[in-house]
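Asker: Dropping a structure here in structure tokens format, bear with me for questions.
The values are calculated or read from the model by the stated rules, or taken from the named source; none is laboratory data. The shown structure was predicted, so the numbers you read here are calculated from the model rather than taken from an experiment. Don't worry about glycine lacking a Cβ; one is built from the backbone with ideal geometry, like all the others, and counts go over all protein chains shown. Remember, those area values only see protein heavy atoms, side chains included, never the ligands or the DNA or RNA. Shrake-Rupley method; radii C 1.70, N 1.55, O 1.52, S 1.80 Å.
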Amino acid sequence: MISSGQETWLWVGFTGMALGALAIFLIGGRLRQEDRHHAVASFFVCLIAAGAYFAMANAQGLKIVDDRTVFYARYIDWALTTPLLLLGLLMIALPPVLRGDDTRHRTSLIAGVLGADVFMIATGVIAALTVDDTVKYVWFTISCGAFLAVIALVFGPVRAAARAQGEPIAGLFGKLAAVLSGLWLIYPVLWLLGTEGTAVIGQTTEVFVFAVIDVTAKVGFGLLLVTGVLRLQQAARPAKGASTVAAAAG
Ligand code: RET
């Protein structure tokens, strides 16, 4: 079901995620108590992905559909980790202390972003497991629609909230949102080119490219986020008890 080349790349993915989790844990420990929440989501993103890669490297979480191997463990990983990645971004963008209508607006924004994201992964796994080509591409298109909704919310109301907090936070948010959207865009393209879609590229290449972008989108993004908060903390010099995001917003 998996070749030795694929197995090697899956172990590389596991090692990258495990080392990433360790690095984020250690850097997170250097953050002030008031800012440690920023490291929690990124740490679990890497830990969950390390678990998924360990399973796949041991030929678990696979299913043969129509003579092709679907790594459904990926989708379980993504269903858990993509909301956590977005939550990490939202914690930077949205102001920490709010009241009344602001709180409701913030909650609906978080629910909208995470809801669209989970719908994107759920419809994506259905597409991957579908045998009939027409039905498969209908599910794929629905998933792409949900992806567009995530991107529209991130670059619409979420970016507006980050900008309202002033330059230091808007700057960090801008960098993270650009990295996130650029990397995430590769997933549907790779899916289309890979064995789930048109099979233009072989399964081993697909496993290799997924491992590289997965580690970049999880470990790279997490390190950028956590070190970004560390730098903001050094510049903003927040008072004891105040979070860096609150202090940087002034
Ligand atoms: C699928 C196929 C259906 C259409 C779309 C997709 C998008 C997937 C994305 C996944 C992101 C995963 C990440 C993992 C972290 O390592 C399901 C491939 C739009 C955007 C960031």
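Asker: Confirm whether residue 97 is open to solvent by 60 Å² or more (accessible area, probe 1.4 Å), in contact (Cβ under 8 Å) with a residue 40 or more places away in the chain and over 16 Å from residue 147 (Cα atoms).
Answerer: Working: open to solvent by 60 Å² or more (accessible area, probe 1.4 Å): yes; in contact (Cβ under 8 Å) with a residue 40 or more places away in the chain: yes; over 16 Å from residue 147 (Cα atoms): yes.
In short, yes.
Asker: For the stretch 146-240, list the helices (runs of 4 or more DSSP H) that sit wholly inside it and hold at least 3 residues that are touching a residue at least 12 places away in the same chain (Cβ under 8 Å) and farther than 27 Å from residue 127 by Cβ; which are they?
Answerer: 159-163, 167-184, 221-236
Asker: Quick one: would you say residue 195 is β-branched (Val, Ile, Thr) and touching a strand residue (DSSP E or B) at 6+ places or on another chain (Cβ under 7 Å)?
Answerer: On the way: β-branched (Val, Ile, Thr): yes; touching a strand residue (DSSP E or B) at 6+ places or on another chain (Cβ under 7 Å): yes.
For residue 195, the condition - β-branched (Val, Ile, Thr) and touching a strand residue (DSSP E or B) at 6+ places or on another chain (Cβ under 7 Å) - is met.
Asker: Please specify each residue of the stretch 21-48 satisfying the condition of being β-branched (Val, Ile, Thr) and within 16 Å of the ligand (Cβ to nearest atom).
Answerer: Residues satisfying the conditions are 24, 45, 48.
Asker: Among the residues of the stretch 29-71, which ones are touching a strand residue (DSSP E or B) at 6+ places or on another chain (Cβ under 9 Å) and among the β-branched types (Val, Ile, Thr)?
Answerer: Across the stretch 29-71, the qualifying residues are 64, 69, 70.
Asker: Let me confirm something: among 109, 87, which residue is in contact with a helix residue (DSSP H, G or I) (Cβ under 8 Å, 6 or more places away or on another chain), part of a helix (DSSP H, G or I), touching a residue at least 24 places away in the same chain (Cβ under 8 Å) and within 15 Å of the ligand (Cβ to nearest atom)?
Answerer: It is 87.
Asker: OK, next. Quick one: what pairs do we get from the stretch 128-139, first residue closer than 14 Å to residue 191 by Cβ, second open to solvent by 70 Å² or more (accessible area, probe 1.4 Å), C-beta under 7 Å, 6+ apart or different chains?
Answerer: Listed by first residue and then by second, the contacts come to 130/139.
Asker: Here's something else I'd like to know. Exactly one condition in (1) over 30 Å from residue 68 (Cβ atoms); (2) within 16 Å of the ligand (Cβ to nearest atom); (3) open to solvent by 30 Å² or more (accessible area, probe 1.4 Å) is not met by residue 225; state its number.
Answerer: Unmet for residue 225, out of (1) over 30 Å from residue 68 (Cβ atoms); (2) within 16 Å of the ligand (Cβ to nearest atom); (3) open to solvent by 30 Å² or more (accessible area, probe 1.4 Å): (3).
Asker: Counting only residues that are more than 11 Å from the ligand (Cβ to nearest atom) and in a helix (DSSP H, G or I), which one in the stretch 119-145 is surrounded by the fewest Cβ atoms within 10 Å (Cβ to Cβ)?
Answerer: 134
Asker: Looking only at the stretch 176-200, how many residues end up being open to solvent by 40 Å² or more (accessible area, probe 1.4 Å) and under 22 Å from residue 139 (Cβ atoms)?
Answerer: The number of residues fulfilling the criteria is 8.
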